[in-house]
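See below for the structure under consideration.
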Amino acid sequence: MSVGGLFDLTGQTAVVTGARRGIGLAMAVALAEAGADIIGVSANLEPEGSIVAQRVTDLGRRFTGIRADFTDREAVRGLTGGLIAGGPIDILVNNGGTIARKPAAEHPDDMWDQVIEVNLSSQFMLSREIGKTMIERGSGKIIFTASLLSFQGGINVPGYTASKAGIAGLTKALANEWAPRGVNVNAVAPGYIATDNTQALQDDPVRERGIIERIPAGRWGRPDDLAGATVFLASRASDYVNGVILPVDGGWLGR
């Protein structure tokens, strides 16, 4: 097989959560560019005319949009059942997430619970149920969106940090169990990417300057910077890659 063929996703179906904007949008479009049809899931995804739907269909791929509340376990169960009933899922990208900023001493229980439910628990539920179908077929790719805070502690985001450290551990745990069954489980760890989730940091001149000074690449990342890593982990090129948390951070962790 040619090197180019290793990255060909033609005929495959990818589920991308958090696909409405930012990193999830970039991931969905990258997978579509590689040939995959996309099922996009987001809490606020527009029923028609979404940006992700337009960009995927403009590439000649099929797009199905689903709105789901990841704070509601019954809704997640319903989502998972519907996805499985719709046919084989070759790629699951667990990107949906939220962040809540409040110093640890003032971090309320409801804020903690919401972040853990969306960022960790719902992603385990989706992976568990869809992973079963991949195990039965003997193939599949699961990609989590981890974070620099899978490795570091962060400031004023204890729930988010705990959830992303959990994602790193979950990635390895599932990989240990499922690699022998033909299912690759890995994660990408974005660095400081210019999205809505990091707007508060971008708007803080002191934090923003400190971040830029720390990044060897000398700039904030863009959502499209995640495209190559996503396609790699979704493709046959990564068939012998298991349990990896791949930083896409402009060199931040190497500093």
>> Which of the three applies to segment 215-255, rounded, prolate or oblate, going by the alpha-carbon gyration tensor with a ≥ b ≥ c and a/c under 1.5 meaning rounded?
In response: oblate
> Among all the lysines, which ones have a C-alpha under 19 Å from LYS164's C-alpha, if same-chain residues fewer than 8 places away are not counted?
Replying inline: LYS102, LYS172
> So what is the 222 nm mean residue ellipticity for the chain from helices alone, if each DSSP H run of at least 4 adds -39500 (n - 2.57) and you divide by all residues, rounding to the nearest 500 deg cm²/dmol?
Replying inline: -12500 deg cm²/dmol
>> Going by Cα centres, segment 10-36 and segment 115-153 are how many Å apart?
In response: 16 Å
> If you average 1/r over every pair of different alpha-carbon atoms in the chain and take one over that average, what Kirkwood value in Å do you get?
Replying inline: 18.3 Å
>> Could you compute the net charge surrounding LEU83? Neighbours are other residues with a C-beta less than 14 Å from the C-beta of LEU83; K and R count +1, D and E count -1.
In response: +1
>> At 20 °C and a viscosity of 1.002 mPa s, what translational diffusion coefficient does Stokes-Einstein give for segment 1-104, taking Rh as the Kirkwood radius over Cα pairs? Give it in µm²/s as a whole number.
In response: 150 µm²/s
> Which order, highest average first, do 175-188, 8-21, 124-137 follow once you tally other Cβ atoms within 10 Å for each residue and take the mean per peptide?
Replying inline: 8-21, 175-188, 124-137
> According to the square roots a ≥ b ≥ c of the eigenvalues of the Cα gyration tensor, what is the shape class of segment 108-255, taking rounded for a/c under 1.5, prolate for a/b larger than b/c otherwise, and oblate for the remainder?
Replying inline: oblate
> Roughly how much of ILE143 is accessible, in Å² to the nearest 10, using a 1.4 Å probe?
Replying inline: 0 Å²
> What ranking of ASP69, ASP196 comes out by heavy-atom accessible area, probe 1.4 Å, highest first?
Replying inline: ASP196, ASP69
> Mean separation of Cα pairs under 8 Å and 6+ residues apart, divided by the residue count of the chain: what relative contact order is that in percent?
Replying inline: 20 percent
> Along the positive direction of the dipole of segment 103-174 (beta-carbon charges: Lys, Arg +1; Asp, Glu -1; about the Cα centre), which of LEU174, GLY138, SER150 reaches farthest?
Replying inline: GLY138
> Where the only charges are on Cβ atoms (+1 Lys, Arg; -1 Asp, Glu), what is the dipole of segment 66-148 about its Cα centre, to the nearest 20 debye?
Replying inline: 360 debye
> How large is ³J(HN,Hα), in whole Hz, for each residue of segment 85-92 in order, when computed from phi with the Karplus curve 6.51 cos²θ - 1.76 cosθ + 1.60 and θ = phi - 60°, using x for Gly and Pro?
Replying inline: 5, x, x, x, 10, 8, 9, 10
> Rounded, prolate or oblate: which fits segment 179-226 when a ≥ b ≥ c are the square roots of the eigenvalues of the alpha-carbon gyration tensor, with rounded for a/c under 1.5 and prolate only if a/b beats b/c?
Replying inline: prolate
> Relative contact order for segment 1-117: what is it in percent, counting Cα pairs under 8 Å that are at least 6 residues apart?
Replying inline: 27 percent
>> List the residues, sorted by chain then number, that are 5 or more residues from GLY221 or on another chain and whose placed amide H is less than 5 Å from its amide H.
In response: TYR192, ILE193, ALA194
> What order do LEU120, LEU45, LEU59 take when sorted by accessible area (1.4 Å probe), most exposed first?
Replying inline: LEU59, LEU120, LEU45
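The values are calculated or read from the model by the stated rules, or taken from the named source; none is laboratory data. The structure presented is a predicted model; accordingly, all values stated were derived computationally and were not measured. Because the Cβ atoms are built from the backbone with ideal geometry, glycine has one as well, and the counts that use them run over all protein chains shown. SASA here: full protein model, heavy atoms, side chains in, ligands and nucleic acids out. Shrake-Rupley method; radii C 1.70, N 1.55, O 1.52, S 1.80 Å.
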